[in-house]
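Coordinate-derived values only; no laboratory data. Computed from a predicted structure; not experimentally measured. Positions of Cβ are backbone-derived with ideal geometry, glycine not excepted, and every protein chain shown enters the neighbour counts.
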Amino acid sequence: MAEMTTADLTVVAGASAAVPGEAMMVADKLTRRFGGLAANQDVCLTLERGKLHALLGPNGAGKSTCINMLSGDLPPSEGRILLGGKDITRLSAAQRSRIGIGRSYQRTNIFPGFTVLENCRLAAQSRNPRPWKIFTDALGLSDTVDRARAAIVEAGLAGREGRIAGTMSHGEQRQLEIAMVLATDARVLLLDEPLAGMGSEESAQMVELLKGLKKNRAILLVEHDMDAVFAVADTITVMVNGVVLESGPPEQIRNSADVQTAYLGEGHV
Amino acid sequence: MDFTTFLIQILNAMQYGLLLFLVASGLTLVFGIMGIINLAHGSFYMIGAYLAFALTSMTGNLMLSIALGIPLAFAFGALLEWLLFSHLYKRDHLEQVLLTYGLILIFEELRSLTMGDDVHGVDIPAMFSASIPLSDTLSYPVYRLLISVVCLALAAGLWWLMQRTRLGMMIRAGSHDRDMVQALGIDINMLYRTVFALGVALAALAGMLAAPISSVYPGMGGSVLIISFVIVVIGGIGSVWGALVAALLIGFADTFGKVLVPEFAGLAVYLVMALVLLWRPEGIFRKG
Amino acid sequence: MNPQNSSRIALVLKLVVLAGLIAFPAFGSSFYTEMVAKILILGIFAMSLDLLVGFTGLVSLGHAAYFGIAAYTVALLTPKYDPADLWLALPASVLAAAAAAFVIGLFVLRTKGIYFIMVTLAFAQMVYFIFHDTALGGGSDGIYVNFKPDASIAGWVPFDLNEPIQLYYFVVVALVAVFVFLTLVLRSPFGRVLVGIRSNEHRMQSLGYATFHYKLAAFTLAGGLAGVAGFLYAVLFGFVTPEYLSWHQSGNVLMMVILGGMGNLAGAVIGAFAFIGLQEMFSDWTKHWQLLMGGVIVAAVLFMPGGLSALPRRIMKKVNGERENG
Amino acid sequence: MNKQKGRNTLRTMAGIVGLAFGVLVPFGAVQAAEKIKVGLMLPYTGTFAALGTAITNGFKQYVAEQGGNLAGREVEYFVVDDESDPAKATENANKLVKRDQVDVLVGTVHSGVALGMAKVARDNKTLMIIPNAGADDLTGPLCAPNVFRTSFTNWQPGFAMGKVAAERGHKTAVTLTWKYAAGEEAVNGFTGGFEAGGGKVLKQLTLPFPGVEFQALLTEIASLKPEAVYVFFAGGGAVKFVKDYDAAGLKASIPLYSSGFLTDGTLAAMGGSGEGLLTALHYADGLDNAKDKSFRDSYSTTYKMQPDVYAVQGYDAAQLLKAGLDAVKDGKLEQGAMIKAMAAATVDSPRGAFTLSKAHNPVQDIYLRKAEGQENKVVSIAAPKLADPARGCRM
C-alpha cells in the first residue's frame, strides 16, 4: 500500500485551507463494480470549502457506494480520489479520518453504551491519541475533553454530556453522530442521510445545524428529504443507476427535465 | 522415495484428506449458514463412532448400523438445536464457545458412564475386507478406498443439495440474510434445525465410517475437532468446495510432513494454515 | 443505590478481601496457602484474558499458550543445580510470552469473529506441539524448575521464594500490581480505545484509529500478563508440562472470565475462585465431576449472562423492580 | 475410600471458605504412631481408569493377604484421582503430601503426572513408590533416595525386544512410535539391544501424539523393506496400528515386534489382527510359578476379573512397602531405615522375584510373549535379570 504519513497529509489538507470556495476533495471517474454489476460508473464530484454539495437519487442509485468510496470504507474498482490535489485513493478509512475527512452513517453508528461525552471524547482523542501514556487518566487530557465538549455544543447537544448514548431519542443520536464527526476536526464532512427517520421538528433543527457547519468546511450530504436538500445545498448532483445524471445549482436541478422524469417523476416529490 | 512409493503416498494423502473433508463439512455448514461456532463437533464424531460400535454389536452389520445411525444422529442434532442452540443465534460467539465447551465435557462423561473407557474395535464388513496389492510388500484395504468413494459422493451430494435444490436455495439465502428469508415466508427455525441436524449427522457419519479403521476410544473427538477447525479456516467458512480443497491440502501436508520432516510433523498442518492466513485471512474460498 | 455509593462499597469490599488474603497464611496450613496462591495466579491469568475478551472484544481461545511459554522460559532459564536470578527470569519470561503474543497476533488479528476464535486455538495448538514434540522443553513428560528463582540483589536478599509464605505474598503483590496496572491502563487513552473497539470497531476506524495496532498492542500486553501468571505458576509448582498449553486450559481460563463476569477485573479473580471451588466440590461428589462442570457451564450461558459479579446487581434490580411493580 | 475422600475435599472447601470469611479453620492431622498413611494417586477416570483400578486392587490384595495390615500396622488410605492430567499433578500430589500428610505416595500410570508427583516427593522428602509410569528419567537423572519403582523403565522391554530381534536373525529394522517421551525411550532401548546384537535400525519413524493416521508411515515402512519393525503404542493407537499393519499386508511380510503394552488389554479390540504378535514385557500369561498362580486365583476370586501386569505392579508396591516397614517394626516410621530396607529387598513378585537397582528400579526378567486369543503367552525369557542403565542417576 502506498504509505503517506499522517503528518504529510495533514500538511496537504492544510495547504488549501486558506482559500474559500477552492476544491478540497475531488472524485475523479470513480467506478465500483460488484461482480459484473457497476454500482458506480465514472462518478465525478467536487467538494468545495464553505459549500454544501448534496447527492440525490432514488434507492439503488449508488449514493451509498459513492460515499463509502469517498470515506474509504469501500475501495473503488477504478478512478481516483484527491484531497487538496494529492491522490488518497489507496488510503484506509482510518487514514482518511486522520487527514480531515469525517463521515456520519445512515444507520446510527455510535457507541451506544458510552455517554455522549465519551462518544465525542473518543472522537476527539483520535486527533492526538497518545496511546503510550498508559498511566494517564484519559479524562485528564484537557485538550481532548475540551474539543469534545465544544463539538457537543456545536451539534446542539449542550447539557446532554452525561447521557448514555443508546438511551437518547433517535434525533439526538443523529446529532451525536454529527458531533462525533465535528470532534475529529474534520475539514471535509461526508454525511449519509443525517435526517433519516427524523420528525419535522428535529429535521428543521438539523437543517439549521447543517447551515452553520458549512463555514470553513466542505460538506457532502446524501439525503432523501427534498425540502431539506433544496434549503441547504449549494450544489446538487443527481445519480441514477450508478451514473451522474445531472449536477448543478439547486435551481438548475429543480428545473431539469431529465431529473423530473428520472427521479422526481417516480412519485418522490 | 521411489516413484511408486511417491504415488502411493499421494493416494494416502488424498484418502486421508477426503476423510477429513467428511468430518469438516458438517462443521463448515453449521458455521457458514448459522454463524454458530461449535466446539462439540468432535464429540458428534465420537458419538458416531460409539454408535457404530454399539449398533454393530447389536445388529452384527456395520452397513445396517450406519443406516440406523444416520437418522438417530439427525434426530439427536435436531433435539439439541431445539433444546440449546436455538437460544444462541442472537448471542455472541463467546457464549457459543462456552456452551459447546460445556457440551464436550458432558458428552465425554456420558460416554464414560454408558460405554466405559475401554478401546473397542469394529469389524470391517466382510464384503469390503479384501486388500488390493500395490507393491510387493504393500497392499491397500478396499474399505479405505470405499471411504474415499463415499466422501467424494457426499461432496458431490452436498454441492447438489446446495446449488440445485430448494432446500439449498433456502440455506444459501438464509446464510446471507435471516430477515429476508423470513420475509419470503420460509420457516427459518425449521431451516436452521435441519441444517444443524445435517451437520451433526455428517459428523456422526464420519465417525461411523471411520470406526472400523480408527477403532473406537475415549478422547477420539478432540484431535478431530482442531484439525476440522484448521480446515474450515483454510477453506473459508461456509464453503463446501473450500472445505474439500483445504482437507486435501491438509491431507498432503500431514502425509508428506510425517515422511519428510518427522521432527516437525505435528506443526506441518498449522504452518500451512499460517501461510494461508498471510495470503488470504478469510480463507481460500471465502465468498464476497 | 447511587453509582458513587456502589463504587465506594466495591472499593471497601476489595480492601476487605485483600486484608483477608494478607491474613490468610496465619490461619491456613501450607497446603491451603499454596492452593490460594494457585487461585490468585489463575486470577492474574484470567485478568489478562479479560483485557482481550471483556474489554477489547477479542475472544481468544488460545491464551494458555502465553502462560505456558512463560512457564517454560523460567524452567529453561533455571540451571540444573542453581537457582535462576529472579530479576532476570521474571522479565525474560514475561517478554518471551509477550513476544510470542506479538508474532501470533500479527497473524490472528487479520481475522475476526469466529475465525479469530478458531485461529487463536489453532496457533496455541501449534505452540503446544512445539513443546510436546521437540526436545526444546524436555518433551512430552515436562520439565522441572529445580530451584525457585533467587531474589537477591547484589548480595542483599529482600525475600526468599523458597519460603512458602513469602512466595505467597509475592503472588499477592503480583496480583495487586497487575490489578492496579490494568485499572490504570483501562482509564488511559489507550484503554479507552480498546473499550471503543469492543463496542464498535468499525466506528473506531472511521474515527481515525488504526485499530489493528491497538488490538495488537492489547494482544501483546495480555500475552505478557499471562506470562506473569505462567511464571508464578511454574515457580509455585516447580514443574512445567505441555499440558499447561493445552486448549482445555484455554477453555478453563475463559470459563473463569465468564463465571466472574467479563469486563470486570475483580470479576476475573472471583471467577478463578469460583471455578476452582466448583471443581473441588464436584470432584468430591463424584468422579464424573466433569458432567456437573459441563452442566454448570451450559446453565451459566443460558441463564446467567453477566457472570457472578453481575448477580448482586441483577438481584437488586429484580428486588427493586418488584417493589416498583407492587 | 469414598468417605475418606469426601472428608478431604470437605476440608479443602472449608479452607477456601475460611479464607473468604477470615475464619480460623482448625485442622492438622492427628498422627497415630502405629498407622501407616498411604496416599494412592492414580487415574480413576479417563483413558487409564482401568489401570488405576487394577493397581489399587493389587495393592489392597497384598494388604488383605497380610491380614489387613502391613508389618502389623494399620493401613489408612488417602485417595486422589489424578485424571492423568499432568497440569494438575503437583497440586494433586500436594493434597496427599501436605494436606493429608501421608507417609508414602503411591502412583501413578501417566509418566508426565509421575514426574510432577516425584517433584513433590523430592521437595517434601516423602517416600514414593511408582507402580507403573515408565519414564526412564524417574530412575535416571531424576532418581532420588526416597523414590522407588515396582514396574519398569520404558527402556527395559524395548532393549529386550531389540536383543530378541537380533537373535532371531534380523539384520535391519525400522522403528515407529508417537513423538513423545515414552515412545522415544522405548525406541532407544530397542535400538540399543538390536544394534548390540549386530542389527541396524534403518530409520526411526514418528508421528505426533496421539495421532492415529498411520498410512503414510506404513507406506514408508513398505518402501524401506526392513527385516523387522518395532513399535511402541498403547490403547486406541495400538489397536488401530495393529489393524492397519495387518490390512496393509505388512503383517505377513515383515514381523512386528513391540513392548508388551501393544497387546495388553487390547487384543479383543484388535480382532484377529493381533494374533501371533511377539512382544516383550516383565509379565506374561502362563508363567509357571506358584506365586503367580496363587496371586491370580485370589485376585480373580476377590475382584471377579483376571489380573494384569498393572495389578501385579500394585501388588508389588505393597510388598515393597512392607519390606520397608519390617525394618521399623513397632517403632517410629524412620525413613532412612525404611529406604535402606526397601533398596535391599527381594520382592517375591508374581512376575518372578526381583531386586532393585541402585537407582531403585526393578532388576527383572523380561519375557518374550506371543499373542494367542486373548492372552499373551510366555515364550521364553528375552533378557534375564535386566537392569536399566540408569544413565544420569547420581545417587
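Remarks
- Helix A:170-183 and the longest principal axis of the Cα set of chain A meet at an angle near 70°.
- Longest segment of chain D lacking GluC sites (Glu not before Pro) that sit in a DSSP loop with at most 14 other Cβ atoms within 10 Å: D:35-333
- Partner chain coverage, peptide D:42-54 - average Cβ within 10 angstrom: 3
- Taking the charge dipole of the protein assembly as shown about its Cα centre, with +1 at Lys and Arg Cβ atoms and -1 at Asp and Glu Cβ atoms, the residue from D:267, A:75, B:122 reaching farthest to the positive side is A:75.
- Computed [θ] at 222 nm, deg cm²/dmol, chain D (DSSP H ≥ 4; -39,500 (n - 2.57); rounded to nearest 500): -12500 deg cm²/dmol
- Shielding of D:79-88 by partner chains, average beta-carbon count, 10 Å: 4
- Rounded to whole Å, sorted largest first: equivalent-ellipsoid semi-axes of the protein assembly as shown, Cα gyration tensor: 63, 37, 26
- Percent RCO, i.e. relative contact order, over chain B, from Cα pairs under 8 Å lying at least 6 residues apart: 37
- A Förster distance of 30 Å, applied to the separation of the beta-carbon atoms of residue D:332 and residue D:66, puts the FRET efficiency at 0.90.
- Helical segments meeting 15 Å axial Cα length and Kyte-Doolittle 1.6 threshold in chain C (DSSP H): C:64-77, C:86-108, C:164-187, C:289-303
- Residue A:146-residue C:15 pseudo-label distance in nm [points 7 Å out on the Cα-to-Cβ vector]: 3.6
- Percent of alpha-carbon pairs separated by more than 24 Å within the range B:1-144: 48
- For residue A:40, the residues whose modelled amide H falls within less than 5 Å of its own, excluding neighbours fewer than 5 places apart on the same chain, are A:32.
- Reach of residue C:148 by Cα under 15 Å, taken over aspartates and glutamates that are not fewer than 8 positions away in the same chain: C:34, C:82, C:85, C:160, C:163, D:123
- GNM top mover of C:262, C:316, C:293 - chain C, alpha-carbon springs below 10 Å: C:316
- Assigned charges on the beta-carbon of Lys, Arg, Asp, Glu; the range A:109-185 dipole about Cα centre (debye): 100
- Dividing the convex hull volume of the alpha-carbon atoms in the range B:216-284 by its residue count gives 95 Å³ per residue.
- Rounded to the nearest 10 degrees, the inclination of helix D:181-196 to the longest alpha-carbon principal axis of chain D is 50 degrees.
- Relative contact order (%) - the range C:28-325, alpha-carbon pairs under 8 angstrom, separation at least six: 34
- Formal net charge of residues neighbouring residue A:121 (Cβ-Cβ distance under 9 Å; K, R +1; D, E -1): +2
- For chain B, a simple Cβ point-charge model (Lys and Arg +1, Asp and Glu -1, everything else neutral) yields a dipole of about 800 debye relative to the Cα centre.
- Neighbouring Cβ atoms from other chains, within 10 Å of the Cβ of residues in C:21-29, number 4 on average.
- Positive-end residue, the range D:279-395 charge dipole about Cα centroid, Cβ charges, pick of D:314, D:289, D:327: D:327
- For residue B:260, net neighbour charge (Lys/Arg +1, Asp/Glu -1) across residues whose Cβ lies under 12 Å away: -2
- Treating each Cα of the range A:109-185 as one equal point scatterer and applying the Debye formula with no solvent, the log10 of I(q)/I(0) at q = 0.21, 0.25, 0.28 Å⁻¹ comes out as -0.82, -1.10, -1.31.
- Helical contribution to [θ] at 222 nm, DSSP H n ≥ 4, -39,500 (n - 2.57), averaged over chain A, rounded to 500: -10000 deg cm²/dmol
- When the Cα gyration tensor is reduced to axis lengths a ≥ b ≥ c, the ratio a/c is 1.5 or higher for chain A, and with a/b not above b/c it is classed as oblate.
- Selection from C:101, C:88, C:116, by position along the positive dipole direction of the range C:28-325 (Cβ): C:116
- Unit charges on C-beta of K, R, D, E only; dipole of the protein assembly as shown, Debye: 1080
- Whether the range C:164-312 is rounded, prolate or oblate, judged on the alpha carbon gyration tensor where a/c under 1.5 counts as rounded: oblate
- Counted by Cβ distance under 13 Å from residue D:144, the other residues give a net charge of +4, where Lys and Arg count +1 and Asp and Glu count -1.
- Mean Kyte hydropathy of 0.5 or more with a Cα span along the axis of at least 27 Å, helices from DSSP in chain B: B:3-34, B:62-83, B:93-115, B:142-164, B:188-214, B:240-260
- For the residue pairs A:133/A:214; D:60/D:385; D:60/D:179; D:322/D:385; D:88/D:329, the alpha carbons lie more than 29 Å apart in A:133/A:214; D:60/D:179; D:88/D:329.
- Crossing angle, helix D:2-21 versus chain D [Cα axis fit, 0-90 degrees, rounded to tens]: 60
- Database remark: amide H of residue A:54 closer than 5 angstrom to the amide H of A:221, A:234, A:235, A:236, A:237 (H placed geometrically; neighbours at sequence offset of 5 or more, or on other chains; Pro and chain starts carry no H).
- Inter-centroid distance (Cα atoms) of the range D:40-70 relative to the range C:187-229, Å: 53
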